[in-house]
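Remarks on the structure that follows.
Just so it is clear, none of the values below were taken in a lab; they were calculated from the coordinates. Keep in mind the model is a prediction, meaning the values are calculated, not measured. With ideal geometry, Cβ positions are generated from the backbone for all residues, glycine too; neighbour counts draw on all protein chains shown.
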Amino acid sequence: MLKHIAITSLAAAAVFSTATVAMAPVTPAAAQVSVTFGSPPPAPVYEAVPAPRAGYLWAPGHYRLINDRYVWTPGHWEAARVGYRYIPDTWERVVVGGREQWRYAPSRWDRNGDGIPDRYERQSERGPYGDRDHDGIPNAYDNYNNRR
């Protein structure tokens, strides 16, 4: 009986690992993660901003949520990208179901400063990745046309 359980467990592990490896190439690389937490982050820690460096910009420190605790991550230098604007990490206050929550928005590079991630802004407004009504939601997920 024990031998049967061991063989079954090994077979299940082999199938699972094969499926994981097979799906790795089709997993989206730019998946966006949204972290929502109930209590507000503490006040930011004061950091002295270093003198400017050519070709770099200072990304300010921020709190990250690790094991249900806010942990301070110090600021660092980011290589500047020509034609893009750096938007730092932030915590946004949202109300869901009448309850106040805090949502983490990771840092990103924005080409035109409109706040919409550039991967949703294509030359064409048609197709699944376009944004026909310019609300920041790609056509593939947008069931409501705001331009009516």
**OP:** May I ask you to derive the FRET efficiency for Leu57 and Ala105 from their Cβ-Cβ distance with R0 = 22 Å, giving the value to the nearest 0.05?
**Re:** 0.75
**OP:** Starting from the Cα-Cα distance between Val49 and Ala79, subtract it from 0.36 nm times their residue separation and give me the gain in nm to one decimal.
**Re:** 9.2 nm
Original post:
Using the C-alpha gyration tensor of the stretch 34-115, what are the square roots of 5 times its eigenvalues, in whole angstrom, with the largest one first?
Top reply: 27, 17, 9
Subject >> Cut-off under 5 Å, modelled amide H: who pairs with Asp89 long-range >> reply: Ser107
